[in-house]
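Novice: Below: one structure in structure tokens.
Read-outs throughout are calculated quantities, based only on the coordinates presented, and are distinct from any laboratory measurement. Keep in mind it's a predicted model, so treat the numbers as computed, not measured. Note that we place each Cβ from the backbone using ideal geometry, even for glycine, and neighbour counts take in every protein chain shown.
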Amino acid sequence: MKYINLITTILIVLVTSGCGGASSSIEPAKTITYAEQGNANAQNNLGSMYQYGDGVPQDYKKSVMWYEKSASQGLPMAKVNLGYMYDGGLGVKQDKKKAVSLYQEAANLNEPRGMINLAEMYRTGDNIEQSNLKAFMWLDIARFYTQNTKDMQAKWAARGALDKVKEEMSIKEINEGEKLSRDWINKKRM
């Protein structure tokens with residue numbers, strides 16, 4: 001139970017700290033203009049602004065709408081944000097399977113926050129077959145992708161969650177997880 005609380009806290013910190021990429025320094029009117037012109041980053045930022053009420057009234061339905069527009073253009077972070085909305089039933093009917101699918105899509109596009117959220121779903125067995133091995137694999141991959149990032153929250157979230165999953169695994173399982181993550185990373189590099 002203490003691990004669930006830790007991971008939940010990490011996820012809340014990631015989401016409430018602006019993982020959507022919105023910045024209060026950008027004028028809402030400019031973001032809206034760029035979003036309406038089809039800019040995927042602006043659409044994701046506007047979704048985040050509506051999600052948190054940052055410069056606009058909080059509106060989960062509008063948030064979902066903008067995340068969907070951005071995600072449909074393939075922006076990995078928008079997929080994570082939209083997954084979070086489905087995961088929590090914010091502005092949409094809660095759909096954990098859709099959340100898992102969106103986190104998986106983002107993870108496959110090398111988005112560490114998608115990897116971290118997907119790993120948590122695997123670790124807890126939240127509408128996916130519980131697997132510490134797969135949770136470890138995704139967290140180890142996220143650790144790799146955050147080595148040189150300025151996103152310290154994702155970096156430390158991946159590392160902290162990875163350490164906690166390791167506590168529940170044998171040395172043999174850890175070695176297997178490391179092999180799976182290396183294989184995945186090497187395949188992506190080709």
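Novice: Being free of Cβ contacts under 8 Å to residues at least 24 places away in the same chain, polar (S, T, N, Q) and in contact with a helix residue (DSSP H, G or I) (Cβ under 9 Å, 6 or more places away or on another chain) is the filter; apply it to region 120-149 and report the residue that is surrounded by the most Cβ atoms within 10 Å (Cβ to Cβ).
Specialist: Per the criteria, the residue is Ser131.
Each row is one residue, and each column tells you yes or no for (1) in contact with a strand residue (DSSP E or B) (Cβ under 6 Å, 6 or more places away or on another chain); (2) within 25 Å of Gly125 (Cβ to Cβ); (3) not in a loop (DSSP other than H, G, I, E, B).
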{"site": "Ile32", "(1), (2), (3)": "no, no, yes"}
{"site": "Ala35", "(1), (2), (3)": "no, no, yes"}
{"site": "Leu46", "(1), (2), (3)": "no, no, yes"}
{"site": "Tyr67", "(1), (2), (3)": "no, no, yes"}
{"site": "Ala78", "(1), (2), (3)": "no, no, yes"}
{"site": "Met85", "(1), (2), (3)": "no, yes, yes"}
{"site": "Gly91", "(1), (2), (3)": "no, no, no"}
{"site": "Lys98", "(1), (2), (3)": "no, yes, yes"}
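Novice: Give Val100, Val92 a once-over and let me know the one that is closer than 12 Å to Val64 by Cα and β-branched (Val, Ile, Thr).
Specialist: None of the other options fit; the residue is Val92.
Novice: Same structure, new question: If I filter region 142-154 for residues that are in a loop (DSSP other than H, G, I, E, B) and basic (Lys, Arg), do I get at least one hit? Walk me through it before giving the result.
Specialist: First pass over region 142-154, keeping only residues in a loop (DSSP other than H, G, I, E, B): 146-151.
When the remaining residues are screened for being basic (Lys, Arg), the result is 150.
Scanning region 142-154, I find at least one residue that is in a loop (DSSP other than H, G, I, E, B) and basic (Lys, Arg), so the answer is yes.
Condition check ((1) within 22 Å of Asp87 (Cα to Cα); (2) free of Cβ contacts under 8 Å to residues at least 12 places away in the same chain; (3) polar (S, T, N, Q)) across all residues:
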site	(1), (2), (3)
Met152	no, yes, no
Arg159	no, no, no
Leu162	yes, no, no
Ser170	no, yes, yes
Glu178	no, no, no
Ile185	no, no, no
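Novice: Kindly indicate the residue of region 50-65 that is over 17 Å from the mean Cα position of the chain (by Cα) and assigned to a helix (DSSP H, G or I) and also surrounded by the fewest Cβ atoms within 10 Å (Cβ to Cβ) among those meeting that condition.
Specialist: First, pick out the residues of region 50-65 that are over 17 Å from the mean Cα position of the chain (by Cα): 50, 53-62, 65.
This time we only want the ones that are assigned to a helix (DSSP H, G or I), so: 50, 60-62, 65.
Numbers: Tyr50: 26, Tyr60: 16, Lys61: 11, Lys62: 17, Met65: 17.
If we take residues in region 50-65 being over 17 Å from the mean Cα position of the chain (by Cα) and assigned to a helix (DSSP H, G or I), then Lys61 is surrounded by the fewest Cβ atoms within 10 Å (Cβ to Cβ).
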